[in-house]
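Since the structure comes first, as structure tokens, the remarks are kept for the end.
Rule-based calculations on the coordinates, nothing more; no lab input. None of these values were measured; they are calculated from a predicted model. All Cβ positions, glycine included, derive from the backbone under ideal geometry; neighbour counts span all protein chains shown.
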Amino acid sequence: MIIDHIGIAVHRIEDALPLYCDVVGLQRIHEEVIEDQRVRAVFLQVGDSMIELLEPTAQDSPIAVFLAKKGSGIHHIAYQVKDVKAKLAEAKAAGIRLIDEAPRPGGDGKMIAFLHPKDTQGVLIEYCQRV
Ligand code: CO
């Protein structure tokens with residue numbers, strides 16, 4: 001299994017890009033607005049993995065809520081799996097609450113689902129399947 005990406009919440013992606021692109025030296029590979037999550041995402045390549053910079057597009061965006069509570073920082077870690085549905089069933093059987101009961105379309109043409117951070121040592125875990 002690999003880490004597909006690490007999601008980082010920021011107030012403004014444009015303010016974070018000089019750090020990640022010019023200082024750290026990552027390359028910008030993909031960008032999109034994920035309407036149902038009310039976020040804009042820019043993906044930066046790190047080998048076979050990515051950094052996903054996340055910026056809210058509305059006040060009620062889950063990322064806006066996160067930023068208000070915790071400020072900018074690591075928002076989630078996404079593991080690339082072959083079958084999100086099967087991994088969700090495994091987590092549920094292990095007594096872990098799910099944010100998503102079923103996989104839903106995420107950014108970059110992927111199917112994704114989140115586990116509840118209260119049951120995962122405080123780190124939001126995303127399962128992500130490239131389709
Ligand atoms: Co993500």
Based only on Cα atoms, what mean projected area does the convex hull of region 5-74 have, in nm²?
4.4
When only Cα pairs under 8 Å and 6 or more residues apart are kept, what is the percent relative contact order across region 31-89?
21
So in the chain, what percent of DSSP beta bridges are antiparallel if you round to the nearest 5?
75
Semi-axes a, b, c in Å (a largest) for the chain, each sqrt of 5 times a Cα gyration tensor eigenvalue, come to 24, 17, 13
Relative contact order of the chain: what whole-number percent is it, with Cα pairs under 8 angstrom and at least 6 residues apart?
25
Inter-probe distance in nm under a simple model that places probes 7 Å from Cα toward Cβ, at A94 and V65:
2.4
